[in-house]
Amino acid sequence: MAKICRKAQVQGKVQGVWFRASTKQRAEQLGVKGWAKNCVDGSVEIMMCGEERAVVELNDWLYEGPPLAVVDKVSVEEAECGELSGFTTG
């Protein structure tokens with residue numbers, strides 16, 4: 001199976017609503033490596049690397065996010081993976 005990497009920028013009410021923690025939990029369930037971090041502009045940036053099916057599923061989940069989130073926009077681009085171990089939040 002092909003491994004892919006994508007980097008996403010999620011905008012809306014996505015900080016202070018458990019978005020990073022929920023993304024980490026979902027990523028770990030799917031076996032996706034990467035990270036999620038808050039940005040100064042109020043968005044959340046996510047790196048997702050793993051089997052194509054799992055990355056696509058996590059990517060699709062970002063449009064909804066956890067129950068308290070209000071996602072206005074998701075921007076996604078292909079990315080280089082590098083060496084990642086697990087999924088972190090920073």
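The values are calculated or read from the model by the stated rules, or taken from the named source; none is laboratory data. Remember, predicted model here, so these are calculated numbers, not experimental data. A quick note on method: Cβ atoms are made from the backbone with ideal geometry, for glycine too, and the neighbour counts reach across all protein chains shown.
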Original post:
If you take the residues of the stretch 1-30 that are farther than 12 Å from W61 by Cα and of a type in the set (A, V, I, L, M), which of them is modelled with the lowest pLDDT?
Top reply: M1
**OP:** Scan the stretch 39-87 for residues that are farther than 11 Å from F19 by Cα and in contact (Cβ under 8 Å) with a residue 60 or more places away in the chain and jot them down.
**Re:** D72, K73, V74, S75, V76, E77, E78, A79, E80, C81, F87
